[in-house]
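Notes follow once the structure below has been shown.
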Amino acid sequence: MNPFIQLGIRHDIVNAISELGFENPTPIQEQSIPVLLTGSNDFVGLAQTGTGKTAAFGLPLLELLDFEEKHPQALILCPTRELCLQITSDIKKYAKNMPNVHVVAVYGGASISDQLREIRRGVQIVVATPGRMLDIINRKAIDFTQVGFVVLDEADEMLNMGFQEDIDSILSTTPEDKKTWLFSATMPSEVRRIAKKYMTDPYELTMGTKNTGNENIEHEYYIIRARDKYAAFKRIVDFNPEIFGIVFCRTKIETQDIAEALIKDGYNADSLHGDLSQQQRDKVMKRYRERSLQLLIATDVAARGIDVNDVTHVINYSLPDEIENYTHRSGRTARAGKTGISISIINGKELGKIRQIEKTLGKRFVKAEIPTGFDVVEKQLFALVHKVHNVEVNEQQIEQYIPRIMDEFNGMTKEDIIKRFASLEFNRFLDYYKNAPDLNAPVDESRRSDSTGERFARTGMKSEFTRLFINLGSVDGFSRGDLLGYICNTSKISGRTVGKIDVKGVYSFFEVPNDEVEKVQSGFKGADFQGREVRIEISGEGTSESRGGSSSSNYRRPEGGGGERREGGFRREGGNREGGARERTGTAGSAGANTGFRDFSGKRREDRGERRRRF
Ligand code: AMP
């Protein structure tokens, strides 16, 4: 038997949720649905976002209400417009096979007259943000005297945003004997207080330990020097070619700066912050959902309630001021049973904050190392190879060009052709990253609480050898022995003096004594391999991966300006490149220009910020 039927949900609802892919109830659904279906309890559920709590209260509501009647019977209050729309749309989907269910979304920043019209037509479920709800109540445009159930979703967020008084006023228009169901990701004392105030002897359900983050989230932190932050961030992004992430900044200005720099560097990114108009926000969110944006750069307030599945990474570009916000940020990934990574990029002084968050979440964070330039290059190469391997070929369209293409490659071996395709984009990475510096900041030993110590040893090492880069590797047919022979022949140094040789794909490293470096360099002057110039460089020589990339001595921006470096290599595929670039720039520009709009929720949040727990 379908497990939702076993929980007491009727067939027509089960059929609808089966279509949504709900095969088994999530833990919170399993435990709360039987309790809520009785309709006789107040209820407190401590649950993170993404645990399936919308269905946990939505399905019981659909069972309990009388849809022959057309007056409001359930009121769901939630902190943001995003969440409001999400809950409304979810409930409508669950009720797809139920003919008379009417759900209205009531939220600010959209036409109130449309919402009033819907209410007048008759609704049983009202999903609302507190500000607009109160507005409609004050206009005497809704009657809550027959409301049997009130849901307070993300109660902690509503309190954080300063909605306490609005909630009081709204609830005072509902009957005394209604049942109140409260859901919250955290249980600070303010939430405890409202639970006490509005409920009698509630049934309490805690999913996992209090304040524990989602188990499917891995937490990592990177320690860098403040001046390397942007370069380190980019490196992390480049090391994760399939990233679909939300990047959190502390201020609106920071989100704009980062988004603009990323756009300039050719990433599909945009910012989301409180000064955008609702229309601009919707546009950004639409592009993010559709994945034409790979990185969403957001403030805490703007990102609240964002429910996008498949977010792979949350990146704390700046740590939040309050610990609770870390939970909310990281909760944007690992939704619906998936896994996700929450990354914090910090300087050495912020290690204490990480320890505090670890303590609060009861979870150990992993100290990670910023990947080297070559790690990135290798990762990108194989991502490219993987992409080529999996690309869908449009047989019909390409058919006509095949004879000419075959002509072009006539006489080349399969291996040659593969090498050329791979090198096409790969060379750009190689150029950009070949001398990329180590961006990990040295950490004060006394502060270290992990035992890796590896990088520390490396930076502290005083070597008599110099590591050299050569632009030849296994794809050119070199093994370690071959390369040793080639180096010795070309530069006339003894094989015995050569240290470690590390043969990679299209490049390699080898170590020579410091006093042999010049000899090797001059030996290779003018050398070519099969018609290709052979380059020898000292590995780790100061490349600046400076902000925006434009001042990097090694990075040659392809003609045509910003946005093109990543073409094929870094950029996500799809869409008209030029159009995409124009749109990206346009959005960022308009975001910057429109600073007059006041985000009511953001304002409230800022007003009350001091009350929150700070580091
Ligand atoms: P929520 O916590 O309600 O925001 O839900 C998070 C995500 O999980 C949403 O995308 C839901 O569609 C999905 N979801 C909820 N319940 C289930 C379930 N039983 N099986 C699979 N997915 C679910």
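Take the conditions hydrophobic (A, V, I, L, M, F, W, C), touching a strand residue (DSSP E or B) at 6+ places or on another chain (Cβ under 8 Å) and either under 28 Å from VAL106 (Cα atoms) or surrounded by fewer than 18 Cβ atoms within 10 Å (Cβ to Cβ) (or both) and apply them to ILE142. Does it pass? Spell out how you get there, then give the answer.
Numbers: hydrophobic (A, V, I, L, M, F, W, C): yes; touching a strand residue (DSSP E or B) at 6+ places or on another chain (Cβ under 8 Å): yes; either under 28 Å from VAL106 (Cα atoms) or surrounded by fewer than 18 Cβ atoms within 10 Å (Cβ to Cβ) (or both): yes.
It is true that ILE142 is hydrophobic (A, V, I, L, M, F, W, C), touching a strand residue (DSSP E or B) at 6+ places or on another chain (Cβ under 8 Å) and either under 28 Å from VAL106 (Cα atoms) or surrounded by fewer than 18 Cβ atoms within 10 Å (Cβ to Cβ) (or both).
Counting only residues that are of a type in the set (A, V, I, L, M) and out of contact with any Gly (no Cβ under 7 Å at 6 or more places or on another chain), which one in the range 315-340 is nearest to the ligand (Cβ to nearest atom)? Steps first, answer last, please.
Applying the first criterion (of a type in the set (A, V, I, L, M)) to the range 315-340 yields 315, 319, 323, 334, 336.
Add one more test, that the residue is out of contact with any Gly (no Cβ under 7 Å at 6 or more places or on another chain), and what stays is 319, 323.
Details: LEU319: 25, ILE323: 22 Å.
Among those that are of a type in the set (A, V, I, L, M) and out of contact with any Gly (no Cβ under 7 Å at 6 or more places or on another chain), it is ILE323.
Return yes or no: is GLN73 touching a Phe, Trp or Tyr at 6+ places or on another chain (Cβ under 8 Å), more than 16 Å from the ligand (Cβ to nearest atom) and among the polar types (S, T, N, Q)? Steps first, please.
On the way: touching a Phe, Trp or Tyr at 6+ places or on another chain (Cβ under 8 Å): yes; more than 16 Å from the ligand (Cβ to nearest atom): yes; among the polar types (S, T, N, Q): yes.
Criteria met by GLN73.
Please verify whether LEU83 is under 24 Å from LEU134 (Cβ atoms), in contact (Cβ under 8 Å) with a residue 12 or more places away in the chain and either within 13 Å of the ligand (Cβ to nearest atom) or in contact with a strand residue (DSSP E or B) (Cβ under 6 Å, 6 or more places away or on another chain) (or both), treating the condition exactly as stated.
Values: under 24 Å from LEU134 (Cβ atoms): yes; in contact (Cβ under 8 Å) with a residue 12 or more places away in the chain: yes; either within 13 Å of the ligand (Cβ to nearest atom) or in contact with a strand residue (DSSP E or B) (Cβ under 6 Å, 6 or more places away or on another chain) (or both): yes.
The answer is yes for LEU83.
Report, ordered by the first and then the second residue, all pairs with beta carbons closer than 6 Å, sequence separation of six or more or different chains, a first member in the range 171-190 that is under 23 Å from SER40 (Cα atoms), and a second member that is β-branched (Val, Ile, Thr) and at pLDDT below 95.
LEU182/VAL44; SER184/VAL191
Looking at ARG281, is it under 20 Å from GLU350 (Cα atoms) and free of Cβ contacts under 8 Å to residues at least 60 places away in the same chain? Spell out how you get there, then give the answer.
Numbers: under 20 Å from GLU350 (Cα atoms): no; free of Cβ contacts under 8 Å to residues at least 60 places away in the same chain: yes.
Answer is no for this residue.
Of all the residues that make up the range 222-235, how many are out of contact with any helix residue (DSSP H, G or I) (no Cβ under 9 Å at 6 or more places or on another chain) and either under 27 Å from ARG304 (Cβ atoms) or at pLDDT 95 or above (or both)?
The number of residues fulfilling the criteria is 2.
Of the residues ARG304, ARG289, ARG227, only one is touching an Asp or Glu at 6+ places or on another chain (Cβ under 9 Å) and among the basic types (Lys, Arg); which?
Values: ARG289 fails: touching an Asp or Glu at 6+ places or on another chain (Cβ under 9 Å); ARG227 fails: touching an Asp or Glu at 6+ places or on another chain (Cβ under 9 Å).
Step by step, each of ARG304, ARG289, ARG227 is checked, and only ARG304 is touching an Asp or Glu at 6+ places or on another chain (Cβ under 9 Å) and among the basic types (Lys, Arg).
If ILE398 passes every condition in (1) more than 28 Å from ASP238 (Cα to Cα); (2) at pLDDT below 80 but one, which one does it miss?
That leaves (2) as the condition not met.
Out of curiosity, is ILE297 within 24 Å of THR327 (Cα to Cα), part of a loop (DSSP other than H, G, I, E, B), among the β-branched types (Val, Ile, Thr) and under 14 Å from the mean Cα position of the chain (by Cα)? It would help to see each step written out before you state the result.
Numbers: within 24 Å of THR327 (Cα to Cα): yes; part of a loop (DSSP other than H, G, I, E, B): no; among the β-branched types (Val, Ile, Thr): yes; under 14 Å from the mean Cα position of the chain (by Cα): yes.
No, not satisfied.
Mind listing whichever residues of the range 7-29 are under 10 Å from TYR94 (Cα atoms), surrounded by 19 or more Cβ atoms within 10 Å (Cβ to Cβ) and within 10 Å of the ligand (Cβ to nearest atom)?
Of everything in the range 7-29, just one residue is under 10 Å from TYR94 (Cα atoms), surrounded by 19 or more Cβ atoms within 10 Å (Cβ to Cβ) and within 10 Å of the ligand (Cβ to nearest atom), namely ILE17.
ARG117: farther than 27 Å from ASP310 by Cα, surrounded by fewer than 21 Cβ atoms within 10 Å (Cβ to Cβ), more than 27 Å from the chain's Cα centre (by Cα) and of a type in the set (Lys, Arg), yes or no? Quick ask: steps written out before the conclusion?
On the way: farther than 27 Å from ASP310 by Cα: yes; surrounded by fewer than 21 Cβ atoms within 10 Å (Cβ to Cβ): yes; more than 27 Å from the chain's Cα centre (by Cα): yes; of a type in the set (Lys, Arg): yes.
So ARG117 passes the test.
Taking the range 37-58, which residues are within 14 Å of the ligand (Cβ to nearest atom) and at pLDDT 90 or above? Quick ask: steps written out before the conclusion?
Of the residues in the range 37-58, the ones within 14 Å of the ligand (Cβ to nearest atom) are 45-58.
Scanning the range 37-58 gives GLY45, LYS53, THR54, ALA55, ALA56, PHE57, GLY58.
Go through (1) surrounded by fewer than 22 Cβ atoms within 10 Å (Cβ to Cβ); (2) touching a Leu at 6+ places or on another chain (Cβ under 6 Å); (3) modelled with pLDDT under 90 for GLU215 and report which single condition fails.
Status for GLU215: all satisfied but (2).
Please find, among ASP238, ASP270, the residue that is over 13 Å from ILE297 (Cα atoms) and surrounded by 23 or more Cβ atoms within 10 Å (Cβ to Cβ).
Values: ASP270 fails: over 13 Å from ILE297 (Cα atoms).
Result of the check over ASP238, ASP270: ASP238.
Based on this model, can you work out whether GLU378 counts as of a type outside the set (Gly, Ala, Ser) and modelled with pLDDT of 90 or more? Spell out how you get there, then give the answer.
Working: of a type outside the set (Gly, Ala, Ser): yes; modelled with pLDDT of 90 or more: no.
No, not satisfied.
Only residues that are outside any loop (DSSP other than H, G, I, E, B) and of a type in the set (Ser, Thr, Tyr): list them for the range 175-204, please. Steps first, answer last, please.
So in the range 175-204, the residues outside any loop (DSSP other than H, G, I, E, B) come out as 179-184, 189-198, 203-204.
Within the range 175-204, THR180, SER184, SER189, TYR198, TYR203 qualify.
The values are calculated or read from the model by the stated rules, or taken from the named source; none is laboratory data. Treat the numbers as computed from the prediction; the structure is a model and nothing was measured. Methodologically, a virtual Cβ is constructed for each residue, glycine included, from the backbone with ideal geometry; neighbour enumeration extends over all protein chains shown.
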